[in-house]
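Let me begin by presenting the structure, written as structure tokens, before commenting on it.
Each reported figure results from applying straightforward, stated rules to the coordinates on display, with no laboratory input. This one's a predicted model, so the numbers in the text were calculated from it and none came from an experiment. Don't worry about glycine lacking a Cβ; one is built from the backbone with ideal geometry, like all the others, and counts go over all protein chains shown.
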């Protein structure tokens, strides 16, 4: 019998690649959307990645409301909980991101345990395993970041608090198994243009924004490798009750810019070449809220290991330079730039 997997947040960047990967492996997939008007766009995007979407169904459910989650969960064997609010707290209230992420996760888990699904795999963030700024230790899955660390913006705090709440809930509610994936900066091709999340970093560079390159760096994971890791974690016996960091190479913004110019040639003509002084970044952060969460990380490389994912799940990510170039090609091929 073909097993059914629920993927939350079907219009999302990572979720679309998870759906495509599951369909390629022969699963039936149900995905949640906030309104059924998104079905046509999601089907078209998934078909672009897999060739068809015949085994894809839809359910209406929202992280901010209880309604719809029990119905979405009916008959499902597994759940990939990928959906989460993204970006800065536009309202100026951090809880506008934190509450939906935490409470939405608990809604998903309550419905999943009620339906007795076999396992839930949840997308967290590598920041949830970040060591204190004063520490030189390598971040691995044994580390729990402090959500009150001033380095974290509302989005990263939301991921830390949501994962914490999830593990606490699952410790008291069985027999559904639970696993979390903690990705670094996610880049790679997009299947649906518009809601691109971290891809906006690459899109900005292609347009010459910012005009200089801050001393910021990322542990990068390709969205396709991240989706594959979710699916591996879904069924691997060794993944139950475990956290897995998903990251490959570290790249400074200057490295990313160099990779784009090398891989794209004239198409990367607007990509900045000069470094932006730290002092200027801090001044700009006063007027550009997205920068505020990064000023404490200027010039800092937080060491991270994905060794556990490689050993237990066979995680074998592609080179980060390839990922950022293919991400840029996807952006350039869209009508969004």
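Under 20 Å from a point placed 7 Å out from the Cα of residue 334 along the Cα-to-Cβ direction: which residues of the range 1-43 have their backbone N that close? Zone members listed by number: 8-21, 32-35, 37-43. The distance linking the range 1-45 with the range 316-333 is 22 Å (Cα centroid to Cα centroid, whole angstrom).
Which residue, 27, 13, 78, tops the fluctuation ranking in a GNM of the chain built on C-alpha contacts under 10 Å? Its mean-square fluctuation being the largest, the pick is 27.
Summarising the strand pairing of the chain, around 10 percent of its internal DSSP beta bridges are antiparallel. Run a plain Debye calculation on the range 98-160 (Cα atoms as equal point scatterers, no solvent) and give log10 I(q)/I(0) at q = 0.18 Å⁻¹, rounded to two decimals, same order as the q list. Values returned for q = 0.18 Å⁻¹ are -0.73. In the chain, the calculated helix contribution to ellipticity at 222 nm averages -12000 deg cm²/dmol per residue, counting -39,500 (n - 2.57) for every DSSP H run with n ≥ 4. What base-10 log of the normalised intensity I(q)/I(0) is obtained for the range 126-276 from the Debye formula, alpha carbons as equal point scatterers, at q = 0.12, 0.15, 0.17, 0.19 Å⁻¹? Listed by q, the Debye log ratios stand at -0.62, -0.92, -1.11, -1.28.
Taking the chain as a Gaussian network of alpha-carbon nodes connected by springs under 10 Å, the highest mean-square fluctuation of the residues 96, 53, 37 belongs to 37.
Listing 114, 159, 308 from fewest to most neighbouring C-beta atoms within 10 Å gives 114, 308, 159. Volume per residue for the range 204-286 equals 126 cubic angstrom (convex hull of Cα atoms). Exposure proxy ranking for 98, 181, based on other Cβ atoms within 10 angstrom of each Cβ and starting from the fewest, stands as 98, 181. Between 214, 183, 175, the residue with the greatest mean-square fluctuation in the GNM of the chain (Cα pairs under 10 Å linked by springs) is 175. Exposure proxy for 116, 243: other Cβ atoms within 10 Å of each Cβ, ordered fewest to most, give 116, 243. Here the calculated FRET efficiency for residue 282 and residue 168, from their Cβ-Cβ distance with R0 = 41 Å, stands at 0.65, rounded to the nearest 0.05. On full extension, the segment bounded by residue 25 and residue 270 gains 84.2 nm, given 0.36 nm per residue less the C-alpha separation.
With both labels modelled 7 Å from their Cα along Cα-to-Cβ, the residue 296 to residue 240 distance reads 3.8 nm.
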